[in-house]
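The structure appears below as structure tokens.
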Amino acid sequence: MKTNEIIEMFDKYVIANYGRLPRAIVKGEGNWLFDAEGNKILDMFPGWAVSGIGHCHPKVVEAIQEQAGKLLHIDNTFYIENQGKLAMLLSERGFGGKCFFCNSGAEAVEAAMKLARRHTAPEKYKYITTEGSFHGRTFAVVTATAQPKYHEGFMPMLPGFEYVPFNDIEALEEAFSDEVAAVMIEPIQGEGGINVATQEYMETIRNLCDTNGAMMILDEVQTGLGRTGKWFGHQHYGVEPDIMTMAKALGGGAAIGAIMATEEVAASLVPGTHASTFGGNPLACAAGIAVIEAIEEDGLLQNAIDMGKYTREKIEELKAKYPIIDSVRGKGLMIGIQLTGPGADIVSECLAKGLRINCTQGTVLRFMPSMTVSKEEIDSAVRILDGVLAKGA
Ligand SMILES: *Cc1c(COP(=O)(O)O)cnc(C)c1O
């Protein structure tokens, strides 16, 4: 089908809850997309952070194909080898905890929040989250998402939430009470504009939670699985959470979400307290295992560090040329370019020239290429962005 035919079908049959770019993508290969007309697009924001090792990584495709021929789904009434193996691989690369599997980021955050309540004293029911956070769209997690635009039309939100400015230690100390079950932050706010938590902030959260018998939850749905140059964002700080969420890049394109909790905390999720029908199915877990193996076999953590550094250098060069670039921030391949004005037109102009990037919060361009990205691909991307900025888009 041609793009315009596909768009017509959407107009008629698909709920229009997304602002979509006017392209239909039919194929992905590494860091490249192909639309219905066969146009090639260089993808520096693959799958909204899902395709962390590029589109259709051969190892992931092979693992899915092999598993699909054996067993697509089996319920959690039984033991599932792939689920156990993926949990082991994550535990060894994380903080040695135990995992629960679901199918998305929102579900992972829900599970983390429920577990925090379940594990702490009965009078503790409050969650502290931060302004500019993003935790997903189901009711509890969108309440946790402290951005008014996501609450519009859905009031009242769930009770028991307190919002504090990100990286503000005083505000956090003030918001704390005996009723707090958990503090939840992203080590780097993704949708909020690539805002990096300070070392002191992470340490303060850990100490306050320890002192008050509350849980520290890190939402690593976007920072997880190697993008920042370490397996998980918190590993840059030497601070470990009680509960961590994962999703997006975990399945290399397959839908999967997970939490990891310390062994002690995990013990509170006894039979009957939480569940997910599709969670931890053999197909999604085969993909997750392949993602971890590919990252290790291909040295992609190091590539994320090297290419992240290279990208930032290149963007600093653009900053020297164009006053619309205010600053560049992030870790590894999670890069935000703070503009002095709106970025939406820059994103559309780049797409017209064959480059896909993202703009969040109106004025932050997000460059989050896959961990397989090469110098040549970054050069091409920066050249296109350079051209667009030169024209003053
Ligand atoms: C994307 C995201 C979510 C929500 O994930 P979904 O799979 O869309 O439900 C939650 N937390 C963070 C940090 C995210 O980036």
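Any idea what the dipole of the stretch 1-41 comes to, in debye rounded to 20, about its Cα centre with Lys/Arg Cβ at +1 and Asp/Glu Cβ at -1?
Values: 6 positive and 6 negative charges, 16 e Å.
Charge dipole, the stretch 1-41, about its Cα centre: 80 debye, nearest 20.
Skipping prolines and chain starts, which residues have an amide H placed within reach, meaning under 5 Å, of the one on THR130, given they are 5 or more residues away or on another chain?
ALA146, VAL164
³J(HN,Hα) across the stretch 68-84 via Karplus (A = 6.51, B = -1.76, C = 1.60, θ = phi - 60°), whole Hz, x for Gly/Pro?
Those phi angles translate into 4, x, 9, 6, 7, 9, 9, 7, 7, 6, 10, 7, 10, 4, 4, 5, x Hz.
Which of the residue pairs LYS12/LYS391; LYS98/LYS331; LYS230/LYS375; LYS27/LYS314 have a Cα-Cα distance greater than 25 Å in the structure shown? Don't skip to the end; give the middle numbers.
On the way: LYS12/LYS391 37 Å; LYS98/LYS331 27 Å; LYS230/LYS375 20 Å; LYS27/LYS314 29 Å.
Over 25 Å Cα-Cα: LYS12/LYS391; LYS98/LYS331; LYS27/LYS314.
What residue among VAL265, MET88, CYS56 has its Cα farthest toward the positive end of the dipole of the chain, where the charges are +1 on Lys, Arg and -1 on Asp, Glu, each on the Cβ?
Positive-most Cα among the choices belongs to CYS56.
For the stretch 58-103, run through the trypsin sites (Lys or Arg not before Pro) and keep only the ones in DSSP coil with at most 16 other Cβ atoms within 10 Å of their Cβ. Before the final figure, lay out each step's value.
On the way: sites: LYS59, LYS70, LYS85, ARG93, LYS98; in loops: LYS70.
Qualifying residues, ordered by number: LYS70.
Per-residue HN-Hα couplings for the stretch 184-195, Karplus 6.51 cos²θ - 1.76 cosθ + 1.60 at θ = phi - 60°, whole Hz, x for Gly and Pro?
The phi angles translate into 10, 9, 8, x, 10, 5, x, 4, x, x, 6, 9 Hz.
Report for the stretch 107-238 the percent antiparallel among DSSP-assigned beta bridges with both residues inside it, nearest 5.
Numbers: 2 of 14 bridges.
Counting only bridges with both partners in the stretch 107-238, antiparallel ones make up about 15 percent.
When DSSP beta bridges are limited to those with both residues in the chain, what percentage is antiparallel, rounded to the nearest 5? Mind dumping the intermediate values first?
On the way: 32 of 50 bridges.
Taking every DSSP beta bridge within the chain, about 65 percent pair in antiparallel fashion.
Could you compute the FRET efficiency for LYS70 and ALA121, with r as their C-beta to C-beta distance and R0 at 41 Å, rounded to 0.05?
Details: r = 45 Å, r/R0 = 1.10.
Rounded to the nearest 0.05, the efficiency is 0.35.
Considering the options ASN103, SER133, PHE161, tell which one lies farthest towards the positive end of the dipole of the chain, charges being +1 on Lys and Arg and -1 on Asp and Glu at the Cβ, about the Cα centre.
ASN103
Okay, helix-only estimate at 222 nm for the chain: each DSSP H run of n ≥ 4 adds -39500 (n - 2.57), divide by all residues, round to 500 deg cm²/dmol; what do you get? The partial results should precede the final answer.
On the way: 12 runs with 144 residues, N = 393.
That calculation yields -11500 deg cm²/dmol at 222 nm.
Alpha carbon centre of the stretch 300-366 versus the stretch 41-115: separation in Å?
With the stretch 300-366 and the stretch 41-115 each reduced to a Cα centre, they are spaced 28 Å.
Using +1 at the Cβ of each Lys and Arg and -1 at the Cβ of each Asp and Glu in the chain, identify which of PHE78, CYS285, ALA171 lies farthest towards the dipole's positive end.
CYS285
Note down the magnitude of the dipole of the stretch 299-393 about its Cα centre, charges +1 on Lys and Arg C-beta and -1 on Asp and Glu C-beta and zero elsewhere, to the nearest 20 debye. Walk me through the numbers on the way to the answer.
Numbers: 13 positive and 11 negative charges, 26 e Å.
Dipole size: approximately 120 debye.
Relative contact order of the stretch 168-251: what whole-number percent is it, with Cα pairs under 8 angstrom and at least 6 residues apart? It would help to have the intermediate numbers written out before the result.
Working: 117 pairs, mean separation 24.8, N = 84.
Relative contact order, the stretch 168-251: 30 percent.
For the chain, what is the charge dipole size about the Cα centre, in debye to the nearest 20, if Lys and Arg each add +1 at the Cβ and Asp and Glu each add -1 at the Cβ?
Values: 35 positive and 50 negative charges, 191 e Å.
With only Lys, Arg, Asp and Glu charged at Cβ, the dipole is about 920 debye.
With a cut-off of 8 Å between alpha carbons and a minimum separation of six or more residues, what is the relative contact order of the chain in percent? Could you put the intermediate results ahead of the total?
On the way: 785 pairs, mean separation 85.6, N = 393.
Result for the chain is 22 percent.
Karplus couplings for the stretch 286-296 from phi (6.51 cos²θ - 1.76 cosθ + 1.60, θ = phi - 60°), rounded to Hz, Gly and Pro as x?
4, 5, x, 4, 5, 4, 5, 5, 5, 4, 6
Given contacts defined as C-alpha pairs under 8 Å and at least six residues apart, what's the relative contact order of the stretch 1-41, whole-number percent?
Details: 36 pairs, mean separation 14.4, N = 41.
Relative contact order of the stretch 1-41: 35 percent.
So between TYR322 and SER91, what do we pick up on full extension, going 0.36 nm a residue minus the alpha carbon distance?
Numbers: separation 231, 0.36 × 231 = 83.16 nm, distance 4.44 nm.
So the chain would gain 78.7 nm between TYR322 and SER91.
A short reminder: the numbers here are calculations on the coordinates, not readings from a lab. Computed from a predicted model, the values in this text were never measured in an experiment. Every residue, glycine as well, gets a Cβ built from its backbone with ideal geometry; the counts of neighbours run over all protein chains shown.
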